1. Report yes if Lys109 is away from ligand 1 (no atom under 11 Å from the Cβ), out of contact with any Ser or Thr (no Cβ under 9 Å at 6 or more places or on another chain), in contact (Cβ under 8 Å) with a residue 12 or more places away in the chain and of a type in the set (D, E, K, R), otherwise no.
2. Considering every residue within the stretch 205-227, establish whether at least one is away from ligand 2 (no atom under 16 Å from the Cβ), at positive phi and not hydrophobic (A, V, I, L, M, F, W, C).
3. Report, by residue number, each residue of the stretch 1-20 that is out of contact with any His (no Cβ under 8 Å at 6 or more places or on another chain), open to solvent by 20 Å² or more (accessible area, probe 1.4 Å) and closer than 27 Å to Lys75 by Cα.
4. In the stretch 89-104, which residues are in a loop (DSSP other than H, G, I, E, B) and away from ligand 1 (no atom under 13 Å from the Cβ)?
5. Kindly establish whether Leu81 is in contact with a strand residue (DSSP E or B) (Cβ under 8 Å, 6 or more places away or on another chain), assigned by TED's automatic domain parsing to the domain that holds Leu230 and closer than 21 Å to Ala12 by Cα.
Amino acid sequence: MWNAIAEKLLDAKKIVFVTGAGISQESGIPTFRGKEGLWRKYDPMQLATIDAFYQDPKLVWEWYEERRHNILGAKPNPGHLAIAELEKYKDVHILTQNIDGLHQRAGSKNVYELHGSIITIKCTVCSFKDKITTGFSSLPPLCKCGNMLRPDVVWFGESLPQDVWKSAMEQASTCDIMIVVGTSLAVSPANLLPVYAKQNRAIMVEVNIDPTPMSYTMDVSLRKSAANALPGLVDLVSGKVF
Ligand code: BV8
Ligand code: ZN
């Protein structure tokens, strides 16, 4: 599966991953646009936008709390674990659109959360921000300052955290190999990251069960699941298989 670029993989110093909901699908977390996708049941523009939040904060909070409980019960799968193990052999950075924290729970260190995190909460007015450690007695939860608290995620129409976005562009533009895993590349500006890598002559790899708008620019396109394809990458790099 990885033999076509075995040489490049062994020579590579920095490997950067761009991951999306597909890498967490085998942990039981629905993707956004798949058949059983999250958005299928809910209209994203209805729930993951600031207007939706102010229109019906309770509904938006119920959606996030349902997802957060599903995520807390989920475990990293062999795809997440392989990427974490790769850090033993290479300089690995993970630019993820996911808010589920599974890369960190798998043991990955250099994780850039482009769209925030479902386990962090922040105030809509003051600078309060904290990890969510317990449930809430009522929704929407209120800050000590009296204003509503919100999930610390990036909604449609909101800009990405500037510092995270800047570092993500930097990593994408300076990697030897970019591996895009489990994302339809439908959402901007995250979908620009593979373009930056390509412009800087990185070797481009896609691991995705469906084709994406950037499949034609890939050096290798694996129509495989993440949990299926990624362990083979570590076997090759670690010398377990030649
Ligand atoms: C911004 C956090 C500007 C919340 C998310 C028209 C109208 C309105 C807006 C726009 C518009 N056109 C463009 C925009 C901009 C908009 C955008 O891109 N919209 C799209 C939908 C057209 N982007 C934004 O609004 C961004 N902000 O542009 O700000 C700005 C600038 C300055 C100042 C102010 C503002 C913010 C975007 C962030 C939105 N938040 N999530 C939450 O999660 O609740 S996006 C959401 O979609 C998730 O983060 C998710 O990651 C992301 C993308 O989805 P994917 O991860 O790719 O998942 P998907 O299901 O689509 O694909 C899964 C893939 O995996 C599939 O291809 C499948 O085949 C594959 N797969 C499935 N299983 C497996 C697998 N592959 C391997 N193995 C498997 N097992
Ligand atoms: Zn506050």
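The values are calculated or read from the model by the stated rules, or taken from the named source; none is laboratory data. These figures come from a predicted structure and were not determined experimentally. FYI the Cβ positions are ideal-geometry reconstructions off the backbone, even for glycines, and counts take in every protein chain you see. Accessible surface is based on the protein model in full, side chains and every heavy atom, while ligands, DNA and RNA are left aside. Shrake-Rupley method; radii C 1.70, N 1.55, O 1.52, S 1.80 Å.
1. So Lys109 fits the description; yes.
2. Within the stretch 205-227, none of the residues are away from ligand 2 (no atom under 16 Å from the Cβ), at positive phi and not hydrophobic (A, V, I, L, M, F, W, C).
3. Hit for the stretch 1-20 is Met1, nothing else.
4. Matches in the stretch 89-104: Tyr89, Lys90.
5. Spelling it out, it is not the case that Leu81 is in contact with a strand residue (DSSP E or B) (Cβ under 8 Å, 6 or more places away or on another chain), assigned by TED's automatic domain parsing to the domain that holds Leu230 and closer than 21 Å to Ala12 by Cα.
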